[in-house]
Amino acid sequence: MRVSLFIVCVFLLCVAFYPNTFIHYSTPIINYINNNEVVNKQVNNLFTTINHSYAKIAKVEIWRVFIVTAIVSYFIHTSYRIAFCKRLPLRQRLISGIFSIVGRAPIIKGKIQNEIQKADKMIQETAVIKNAPKRMPILPTKGLGYGEVLKECENHAEIGEWDWNNGRVSGTVYIYDETHKQLMEQVYKLFYETNPFHPDVFPGVRKMETEIVSMCLQLFHGQEGCGATTAGGTVSIIMAMKTY
């Protein structure tokens, strides 16, 4: 669309600055049209249709012409973007185009803006930490002792109002059971110093990782595949999308 508009603009500039050259090269075409009865008739019919259309448009209020022109232009632009945007499949382009058009309706747009404002307000309120311990924005001149570090961590662990350990949140913490907690503590003690990026140094970690990938393949009935463990569910989804 932009290339077509550029070509039209260049053509009009050439006609404006070089009229004699334009007349020189267009004369054979005009002579051919005048000498060919069939072509001449078709051209005359075209101009007659244009004149009739112009006469009808001249009787219409200017604001209606403007609105219709804007709607048709927007429709053509959207249709062109949906039809020729090769980055996405056609079905996804159609859905995106429909949602884009519907989302511009005043009622729908207003509801969307209200929801965005609510979410923005909630994020801002959540970002403010209530009853927080003293901030430590820079490294202390003197290092903290064993007890001081532990006390600092305990103070930060108590921040928050959600009763997540009794299952009072949706998501975030999926299992909280005392036996499970003890098991995780023991497992973490065994592997907290390992690094999965060095399978030659920690082959046991690598073995468990490959088995986890194999289990996931089996759950989704995959025949062949590869993968890696991540730090959580959200980053796993993002990595899967990136890979796809």
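The values are calculated or read from the model by the stated rules, or taken from the named source; none is laboratory data. Small disclaimer: the values here were computed from a predicted structure and weren't measured. Glycine also receives a Cβ, built like all others from the backbone with ideal geometry; neighbour counts cover every protein chain displayed. The protein model used for the area step is the full one, side chains on, heavy atoms only, and it has no ligands, DNA or RNA in it. Shrake-Rupley method; radii C 1.70, N 1.55, O 1.52, S 1.80 Å.
Binning all Cα-Cα separations of the range 183-244 at 10 Å, short to long from zero, yields these whole-percent fractions: 18, 45, 32, 5. Extending 7 Å from the Cα toward the beta-carbon at both Ala105 and Met239 defines two label points whose distance is 4.2 nm.
In the context of the full set of protein chains, the range 84-154 has a per residue accessible area of 97 Å² (1.4 Å probe).
Which of the residue pairs Lys207/Lys242; Lys130/Lys151; Lys130/Lys189; Lys151/Lys181; Lys189/Lys242; Lys109/Lys130 have a Cα-Cα distance greater than 29 Å in the structure shown? It would help to have the intermediate numbers written out before the result.
Working: Lys207/Lys242 25 Å; Lys130/Lys151 19 Å; Lys130/Lys189 32 Å; Lys151/Lys181 21 Å; Lys189/Lys242 33 Å; Lys109/Lys130 34 Å.
Long pairs (Cα-Cα over 29 Å): Lys130/Lys189; Lys189/Lys242; Lys109/Lys130.
Projecting label points 7 angstrom from Cα along Cα→Cβ for His180 and Gln113 puts them 4.4 nm apart. Ordering 92-98, 128-134, 199-205 by mean Cβ neighbour count within 10 Å, with the highest value first, yields 92-98, 199-205, 128-134.
In the range 164-227, the portion of solvent-accessible area held by carbon and sulfur atoms comes to 59 percent [1.4 Å probe, whole percent, DNA, RNA and ligands not counted].
I'd like the distance between the alpha-carbon centres of the range 206-244 and the range 104-168, rounded to an integer number of Å. Going from one Cα centre to the other spans 30 Å.
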